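The values are calculated or read from the model by the stated rules, or taken from the named source; none is laboratory data. Worth saying up front: this structure is predicted, and the values here are computed from it rather than measured. Reconstructed Cβ throughout: ideal geometry from the backbone, glycine too, with neighbour counts over all protein chains shown. The area values use the complete protein model at the heavy-atom level, side chains included, leaving out ligands, DNA and RNA. Shrake-Rupley method; radii C 1.70, N 1.55, O 1.52, S 1.80 Å.
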Amino acid sequence: MSGSREFSFRFTPPAVPIRFDESRCVGCNRCLEACMIDVMLPGEAGKHPVAAYPDECWYCGCCVMECPTGAISLHHPLMNQTRWVEKASLLKHREEET
Ligand code: SF4
Ligand code: SF4
């Protein structure tokens, strides 16, 4: 049929909330044990855990606080990074501009 369009879907992998610095990780699994909802599974012996269920992460930061070497960091999705600004302060800013 002329004029028909083909649509394709692009798979977007879920955002990975936790990242590991392999040069710092000692493979102690304290981060894994601190996670209340078991986002991680153990990795290879002596290596960092694997973020097996990243969609379940609450971004609570417990794993980050528990890590003795600072090898794990939390990365919030853009939606979580938006900053709430009081409306009155925006209006004040606008008044100052005029
Ligand atoms: S931030 Fe919280 S919920 Fe997410 S992996 Fe770390 S401990 Fe688990
Ligand atoms: S707590 Fe830190 S050092 Fe231990 S396994 Fe997790 S990321 Fe690696």
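Placing +1 on the Cβ of every Lys and Arg and -1 on the Cβ of every Asp and Glu, with no other charges, gives the chain a dipole of roughly 200 debye about its Cα centre.
Rolling a 1.4 Å probe over the heavy atoms of the protein chains gives the chain an accessible area of 84 Å² per residue. In terms of its alpha-carbon gyration tensor, the chain comes out oblate; a/c meets the 1.5 threshold, while b/c is at least as large as a/b. Considering only alpha-carbon pairs that sit under 8 angstrom and 6 or more positions apart, the relative contact order computed for the chain is 30 percent. Surface composition of the chain: carbon plus sulfur atoms hold 55% of the accessible area, using a 1.4 angstrom probe and ignoring ligands, DNA and RNA.
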